[in-house]
Amino acid sequence: MTNLPAQLSTLQQEISVLTEQLAPANPDDIAQCIEGLMSGGMRISESITAENPVEEYRFSLRNVPVFGLRRAYVKLKRGEYENINKAFIPLPAELSAMANAECRLIREDRIRKQETMRAVQDSVSRTLPNAHGLMDLRATQRDRANELAAKGFSLVAQGVDHLEFAQLAKSRELPAGSVHLWAIDEVWSPIAVRVNRSRIQTKLNVQPASISPERADELARMLALPDAREVTSEQMAYRGKVKAEIEAAEPTEEERAA
């Protein structure tokens, strides 16, 4: 029982690392990826008719995890993907699906750790007495907050969950050494800083733009085509992405009734 708080702290740190890996790539990451592939001899497909093809990639990959994009970049550089034309950079939607597929294990690992953390938290709530003056985990972390304050730390944010803390750390809003007391949703920092949480929340709440009905119809016709004899995991991931885009473009029951 005495190791439960330490186990929770370890899980929280591991989940934060995984969440940071799943953070979306920024426009500079995407541009550097495309330019790096081009510098290695790969060409952009002539089927992309936009005046600035790199912007097309920035638009399509804006919600792709940076970890997956980097993995896909390295594997493309090394020619490790099969069944693709190695002379051309994959189309934006294809590269997006490939990068997302590279993060599948990370997403599954984070889900497992989150489920484990919930189970441990339930165990803590059942086994740690919180009556008759005995401390529960929230009281323990409140004492930890008091210790940090005595060491000169400042309370810089409240109501912060795991995902937002990972975004704050990734965006360098927080100085090195900042501590997330997840049981009381507080962030303490060795330096008093002004945290721009509204910008972080905007990033967390951003939703991908929906596709037009015409594009959905085009994608549906693509899905109707027979599969090749051998289908790679990247192609299956792309098929799943296409299906999700089609479903997002379909009108709701209320819209049909209107």
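Computed from the coordinates by the stated procedures, all read-outs in this text should not be read as laboratory data. The shown structure was predicted, so the numbers you read here are calculated from the model rather than taken from an experiment. Cβ placement follows ideal geometry from the backbone for every residue including glycine, while neighbour counts extend to all protein chains displayed.
Quick one: which residues, 5+ away or cross-chain, put their amide H under 5 Å from the amide H of I89? H built at 1.01 Å from N.
R43, I44, S45
Ranked highest first by average number of other Cβ atoms within 10 Å, how do 44-50, 100-106 line up? Walk me through the numbers on the way to the answer.
Working: 44-50: 11.9, 100-106: 18.1.
For the peptides 44-50, 100-106, the packing ranking is 100-106, 44-50.
Work through the residues other than G40 whose Cβ is under 12 Å from its Cβ and net out their charges, Lys, Arg +1 and Asp, Glu -1. If you can, show how the numbers build up before the last one.
Details: positive: R43, K77, R78, K86; negative: E35.
Once all neighbours under 12 Å are counted, the net charge is +3.
Got a sec to turn the phi values of region 152-159 into Karplus ³J(HN,Hα) couplings, 6.51 cos²θ - 1.76 cosθ + 1.60 with θ = phi - 60°, whole Hz, x for Gly and Pro?
3J(HN,Hα) across region 152-159, in whole Hz: x, 6, 10, 6, 10, 7, 10, x.
Using the Karplus equation 6.51 cos²θ - 1.76 cosθ + 1.60 (θ = phi - 60°), what ³J(HN,Hα) coupling, rounded to whole Hz, does each residue of region 11-20 give in order, writing x for Gly and Pro?
Once rounded to whole Hz, the list reads 4, 4, 5, 5, 5, 4, 5, 5, 5, 5.
Distance in nm between label sites at N63 and A6, each 7 Å beyond Cα in the beta-carbon direction?
4.1
Calculate one ³J(HN,Hα) per residue across region 184-190 by plugging θ = phi - 60° into the Karplus curve 6.51 cos²θ - 1.76 cosθ + 1.60, and present them in order as whole Hz with x for glycine and proline.
Residue by residue, region 184-190 yields 10, 6, 10, 10, 10, 10, x Hz.
Given Q32, Q13, L61, which one lies farthest toward the positive end of the charge dipole of region 1-63, if we put +1 on the Cβ of every Lys and Arg and -1 on the Cβ of every Asp and Glu?
Q13
Quick one: net charge around V17, please, counting Lys, Arg +1 and Asp, Glu -1 for every other residue with C-beta under 11 Å from its C-beta. Mind dumping the intermediate values first?
Details: positive: R110, K113, K170; negative: E14, E20, D109.
Taking every other residue near V17 into account, the sum is 0.
Using r as the Cβ-Cβ distance of Q114 and K86, and R0 as 41 Å, what FRET efficiency do you calculate, to the nearest 0.05?
Details: r = 38 Å, r/R0 = 0.92.
The value I calculate is 0.60.
Assuming R0 = 51 Å, what is the FRET efficiency of E35 and A139, from their Cβ-Cβ distance, to the nearest 0.05? Please report the intermediate quantities before stating the final value.
On the way: r = 53 Å, r/R0 = 1.03.
Once rounded, the FRET efficiency stands at 0.45.
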